[in-house]
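**Student:** Before we start, here is the structure in question, set down as structure tokens.
What follows is calculated from the coordinates using simple rules that are stated; it is not laboratory data. Remember, predicted model here, so these are calculated numbers, not experimental data. Cβ sites come from the backbone with ideal geometry, for glycine too, and all protein chains shown count toward neighbours.
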């Protein structure tokens, strides 16, 4: 049976390096699980998560000749995170302790930029009023 990208297979860890782990999968083939694909949390040492001889479930990420890229974290079933309610009001809900549960990077970045612009505008208004307004001369 050919190894296809996207398939989930079982394998045995045969070697551990600083950059990942080698896993024997079907037909005597070996693939590499890069350190970034070992777990869904930050991995400093692969040996903290895996040992030689461990049976693991892996997902095939890519096949390039004899090189097979594998992932343990993508083979795990993903639990769907609850989304923030659509009526989430950032200012009042944060004061009450509510936090959005998930947001994409773009959403977070746009929210940051908007907040930053609002704060700069408020700061400019306060400093301009102390100086006597914009464009006024100081003699």
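**Student:** Take 46, 12, 5, 58 and order them by how many other Cβ atoms sit within 10 Å, fewest up front.
**Tutor:** Values: 46 20, 12 14, 5 11, 58 25.
Ascending Cβ contact count within 10 Å gives the list 5, 12, 46, 58.
**Student:** Please compute the length gained on full extension between residue 47 and residue 120, using 0.36 nm multiplied by the number of residues separating them and subtracting their Cα-Cα distance. Let's see the in-between values first.
**Tutor:** Values: separation 73, 0.36 × 73 = 26.28 nm, distance 4.74 nm.
Residue separation times 0.36 nm, minus the Cα-Cα distance, leaves 21.5 nm.
**Student:** From largest to smallest, what semi-axes in whole angstrom does region 1-74 give when each is the square root of 5 times an eigenvalue of its alpha carbon gyration tensor? Don't jump to the answer; show the numbers that get you there.
**Tutor:** Working: eigenvalues 71, 31, 22 Å².
Those come to 19, 12, 10 Å.
**Student:** Suppose each label sits 7 Å from its Cα in the direction of the beta carbon; what would the residue 113-residue 74 distance come out to in nanometres?
**Tutor:** 2.9
**Student:** Given the Cα-Cα distance of residue 8 and residue 55 and 0.36 nm per residue of separation, how much length would full extension add, in nm?
**Tutor:** On the way: separation 47, 0.36 × 47 = 16.92 nm, distance 1.32 nm.
Stretched out fully, the residue 8 to residue 55 stretch lengthens by 15.6 nm.
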